[in-house]
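Reviewing the structure listed below.
The values are calculated or read from the model by the stated rules, or taken from the named source; none is laboratory data. Bear in mind the structure is a predicted one, so any value in this text is a computation, not a measurement. FYI the Cβ positions are ideal-geometry reconstructions off the backbone, even for glycines, and counts take in every protein chain you see. Ligands, DNA and RNA are excluded from the accessible area calculation, which covers all protein heavy atoms including side chains. Shrake-Rupley method; radii C 1.70, N 1.55, O 1.52, S 1.80 Å.
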Amino acid sequence: MTQDELKAMVGRAALAYVVPGELVGVGTGSTVNKFIDELGRMKDRIAGAVSSSAASTARLHALGIAVYDCNEAGELAVYIDGADEIDPCGHMVKGGGAALTREKIVAAQSRRFICIADESKQVDKLGGFPLPVEVIPMAAQRIVRQFTALHGQATLRTRDGQPLVTDNGQHILDVRGLSIDDPLAFETEVNQWPGVVTVGVFAHQKAQVCLLGTPDGVRTLTF
Ligand code: 5RP
């Protein structure tokens, strides 16, 4: 089974967690794109979506699904999103698609986080995937030095030779070489550094359920 097929499988399985008649929180990425495509089939049975990125909003709109601003929506029953890494407690690293800030906002507004991922994303400990951190551009080099003090090598993410600009008009650092022993404490600490918008560790907004795509089918992990 290809990785694409595994992603499609969990995207389909996530439909079971969508609450009819309610708004659904929608993440970002190639796995979520599979979920959005499936959601199109039940669009008449949901109130609409709250989206975590311009890319997901465009895909939802293309399928005729209404997208609401976070400020118009109350608490969401469920948020469905992918991950770059997920540990045995449901803590995740996210932000490979540069949407981490809005993802964390929508996750915080949701009662349940359902993570959808192929089995390659399951890890014993976070830190193998370069950690995305959204930063205010003027603080970037100071934050690079703060990561150096933690033995992390931070580099500015670029696209077409220019710094990548997020949906929020900010930049992304990708940090290699970190050993994240305590995800909750790490997230709390880095979030306090001046100029950090969002760190891509999702420990405070962890998943309650992970639908993991494997060649033997969907494995459901609960945390
Ligand atoms: C985007 C994310 C994605 O959820 C994460 O990068 C996983 O993406 P994919 O489903 O394409 O592997 O955090 O910011």
**Three principal axis lengths of segment 131-198 [C-alpha, angstrom, descending]** = 34, 20, 18
**Request:** Could you give me the percent of Cα pairs per 5 Å distance bin for the chain, shortest bin first, beginning at zero and ending with the bin that holds the maximum distance?
**Result:** 1, 8, 16, 19, 20, 16, 12, 6, 2, 0, 0
**Prompt:** For segment 2-53, which whole percent of the accessible surface, found with a 1.4 angstrom probe, sits on carbon and sulfur atoms?
**Reply:** 46 percent
**Item:** Relative contact order %, segment 131-198, counting alpha carbon pairs below 8 Å whose residues are six or more apart
**Value:** 47 percent
**Asked** At a 1.4 Å probe radius, carbon and sulfur cover how many percent of the accessible area of segment 131-198?
**Response** 53 percent
**Prompt:** To the nearest 10 degrees, how steeply does helix 140-149 sit against the main Cα axis of the chain, on a 0 to 90 scale?
**Reply:** 80 degrees
**Message:** How compact is segment 23-154 by the rule of thumb for globular proteins, expressed as Cα Rg over 2.2 N^0.38 Å?
**Reply:** 1.14
**Fill in**
One finds, for V19 and A62 with R0 = 30 angstrom and r their Cβ-Cβ distance, a FRET efficiency to the nearest 0.05 of 0.85
**Fill in**
Two pseudo-spin positions, 7 Å from Cα along C-beta at D167 and at F223, lie apart in nanometres by 2.1 nm
**Request:** Could you state the orientation-averaged shadow area of the convex hull built on the Cα atoms of segment 6-69, in nm² to one decimal?
**Result:** 3.6 nm²
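Write down the accessible area per residue of the chain in Å², having rolled a 1.4 Å probe over the full set of protein chains.
With the other protein chains kept in place, the chain gives 44 Å² per residue.
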**Request:** Residues in segment 195-222, backbone N under 12 Å from the label point at E5 (7 Å along the Cα-to-beta-carbon vector): list them, ranges by number please.
**Result:** 214-217
